[in-house]
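Q: The structure follows.
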Amino acid sequence: MQRTQISLTTEDRRVLDAAAARTGKSIAALIREAVATVYGPGRRADVDRDALRGAFGTWGNRGIDGAEWVEKLRRGDRLEPRR
């Protein structure tokens, strides 16, 4: 194993500290897991591409764009029945 020094933002460190406390894992272990998940050999571009293709157009039939939907949620109208 190689030792590497990295710089983190205060927020990144806060998130890692919380995850370490929650999981009982070291920060180094969490970073290794994240690197393996994002960049590791098990990562396949075709799986990501297929997921993106499957999601394409799923918002199209709502009759409201994403920005309008977010504003509607912020106003607290999310409990209204869908039309």
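Q: When ARG22, ARG13 are ordered from fewest to most other Cβ atoms inside 10 Å of their Cβ, what list results? Don't jump to the answer; show the numbers that get you there.
A: On the way: ARG22 8, ARG13 12.
Fewest-to-most Cβ neighbours within 10 Å comes out as ARG22, ARG13.
Q: Which of the chymotrypsin sites (Phe, Trp or Tyr not before Pro) across the range 3-83 are loop residues per DSSP, with 13 or fewer other Cβ within 10 Å? All intermediate terms of the calculation are to be shown ahead of the outcome.
A: Details: sites: TYR39, PHE56, TRP59, TRP69; in loops: PHE56, TRP59.
Passing both the DSSP loop test and the Cβ count: PHE56, TRP59.
Q: Right, another one. If you place +1 on the Cβ of every Lys and Arg, -1 on the Cβ of every Asp and Glu, and leave all else neutral, what size is the dipole of the range 1-50 about its Cα centre, to the nearest 20 Debye?
A: In debye, rounded to 20, the range 1-50 gives about 200.
Q: Given R₀ = 35 Å, FRET efficiency for ILE6-ASN61 by Cβ-Cβ distance, to 0.05?
A: 0.20
Q: 222 nm [θ] for the chain, helices only, -39500 (n - 2.57) per DSSP H run of 4+, per residue, to 500?
A: -17500 deg cm²/dmol
Q: Among ALA21, GLN5, GLY42, whose Cα projects farthest towards the positive end of the dipole of the chain, with charges put on the beta-carbon of Lys, Arg (+1) and Asp, Glu (-1)?
A: ALA21
Q: Answer with a single label: of (1) 59, 13, 9; (2) 32, 14, 8; (3) 37, 22, 11, which was calculated as semi-axes √(5λ) of the Cα gyration tensor in Å from the structure in view?
A: Computed from the coordinates, semi-axes √(5λ) of the Cα gyration tensor in Å corresponds to (3).
Rule-based calculations on the coordinates, nothing more; no lab input. In this text, all values refer to a predicted model and were calculated from it rather than measured experimentally. Virtual Cβ from ideal backbone geometry, glycine too; neighbours counted across all protein chains shown.
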